[in-house]
1. Starting with the highest mean, order 165-173, 370-378 by the number of other Cβ atoms within 10 Å, averaged over the residues of each peptide.
2. Relative to the longest principal Cα axis of the chain, at what angle does helix 133-142 sit, 0 to 90 degrees, rounded to 10?
3. Around ARG390, which amide H atoms from residues at least 5 apart in sequence, or from another chain, sit under 5 Å from its own amide H, with H modelled in the peptide plane?
4. With θ taken as phi - 60° and the coefficients 6.51, -1.76 and 1.60, list the Karplus ³J(HN,Hα) couplings across region 174-189 in order, rounded to whole Hz; mark glycine and proline as x.
5. Classify region 1-75 as rounded, prolate or oblate, taking a ≥ b ≥ c as the square roots of the eigenvalues of its Cα gyration tensor: rounded when a/c is under 1.5, otherwise prolate if a/b is larger than b/c and oblate if not.
6. Short version: ³J(HN,Hα) in whole Hz for each residue of region 22-32, in order, from phi by Karplus 6.51 cos²θ - 1.76 cosθ + 1.60 (θ = phi - 60°), x for Gly and Pro, what are they?
7. Could you sort the peptides 33-40, 141-148 by per-residue average Cβ neighbour count (10 Å cutoff), highest mean leading?
8. Considering only protein heavy atoms, what per residue accessible area in square angstrom results for region 139-298 with a 1.4 angstrom probe?
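The values are calculated or read from the model by the stated rules, or taken from the named source; none is laboratory data. This structure is a prediction, so every number in the text was calculated from the model and none was measured. Cβ atoms come from the backbone with ideal geometry, glycine included; neighbour counts cover every protein chain shown. Just the protein is used for accessible areas: all its heavy atoms, side chains included, with ligands, DNA and RNA removed. Shrake-Rupley method; radii C 1.70, N 1.55, O 1.52, S 1.80 Å.
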Amino acid sequence: MKRVLAIILGGGAGTRLYPLTKTRAKPAVPLAGKYRLIDIPISNCINSGINKMYVLTQFNSASLNRHLTQSYNLSSGFGQGFVEVLAAQQTPESPSWFEGTADAVRKYQWLFQEWDVDHYLILSGDQLYRMDYSLFVDHHIHTGADVSIGALPVDAAQAEGFGLMHTDSVGRIHEFREKPTGEALKAMWVDTSRLGLSSEEALKRPYLASMGIYVFSRDTLFDLLTKNPNSTDFGKELIPTALERGDNLQSFLFDDYWEDIGTIGAFYEANMALTDQPNPAFSFYDEKFPIYTRPRYLPPSKLLDAQVTQSIVGEGSMLKACSIHHCVLGVRTRVEDEVVLQDTLVMGADYFESSEDRAVLRERGGTPIGVGRGTTVRRAILDKNVRIGRNVTIVNKDHVEEADRPELGFYIRNGIVVVVKNATIADGSVI
């Protein structure tokens, strides 16, 4: 894997994940109480023996850069490697920002070409899955492919939301269509049992969806980018172009948990699913294939007469006489007496407030970080450093699907109340 360079695409403005992306890049969105989305592809790379990584982003990259700097010193901890952020920049030769996945790679083509590598692994920064990329690259080499695409077997209902591949019996791609429907969808049917699925599963999932991750041979990548200067996207433009000109495109079947964290709803459900027992669809408890993140050296969590069921609690948290059910609580979460949290993601805090500071703040009419006494929260996301007052109710009792209330510190997306980072919700408020 020393001859492989990974390029992780940070995505656009992350509008579908707003307001979680209001002050941070999409890959920097907190996940599972202590991680960030970017930790997933980086950890997959490290565990696969790939230690040269660039992360491309153009929106709110400061927190992402800080997290990577504090988390990954590959030159000392993981061998002679690096993780580096490449932010979009305007130059005389390239006056525009990134206009798509392929355009982002093209704008830094001069840098990627400097590396003496044979293959480029193109990844997404907003997906939750565990993959050994070395198997992906080895398959690419073994089949003599010019381009390889990660392929997820899906059913007809799921298929309409993806770019689909039609392959022969050995996995070579002969057709690629973006989000087909009707008869066009039926034409993309594949006997996935030939690619490794059981006969029963092949009947349920006869379509191959593109995961948006690719392996490009060096010459193929730069030839496609150079000869198609107006093509800005891999899936919609460059992949079909490669097919048309006769390149060898291969699919690489991935039959395991994979979730595209593209919307607030998907993000919320992916976090909540982590609490499932005894076998969650995705687990961070895998010693052989760990997910890395920033080491914080926090004290253990403290539970004082708290009732906690089916939940994840990040380190450095303090829970008093409260009831927590089916929740994910991030690092340094503070929950006071008589609080009920249910089906809720709390991202925690970036710093501690001492008991003395909290008492003084309360005396002066302020609201300490965390969830105040007597508050009830159901089916919500509380972003970092939120201050929820006493006797607050956040339950979306009117079942509103979408709402913007920035002046009050919250939004509603997919029926989920999202309290924005650093917001304060006053005592007695009802949402």
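1. Working: 165-173: 17.7, 370-378: 22.6.
Final packing ranking: 370-378, 165-173.
2. 10
3. Residues meeting the amide H criterion: ASP427, GLY428.
4. 10, 8, 9, 10, 8, 6, x, 9, x, 5, 5, 5, 4, 5, 8, 4
5. In terms of gyration-tensor shape, prolate.
6. Couplings: 4, 10, 9, 5, 3, x, 8, 5, x, 9, 6 Hz.
7. 33-40, 141-148
8. Using a 1.4 Å probe on heavy atoms only, each residue of region 139-298 averages 47 Å².
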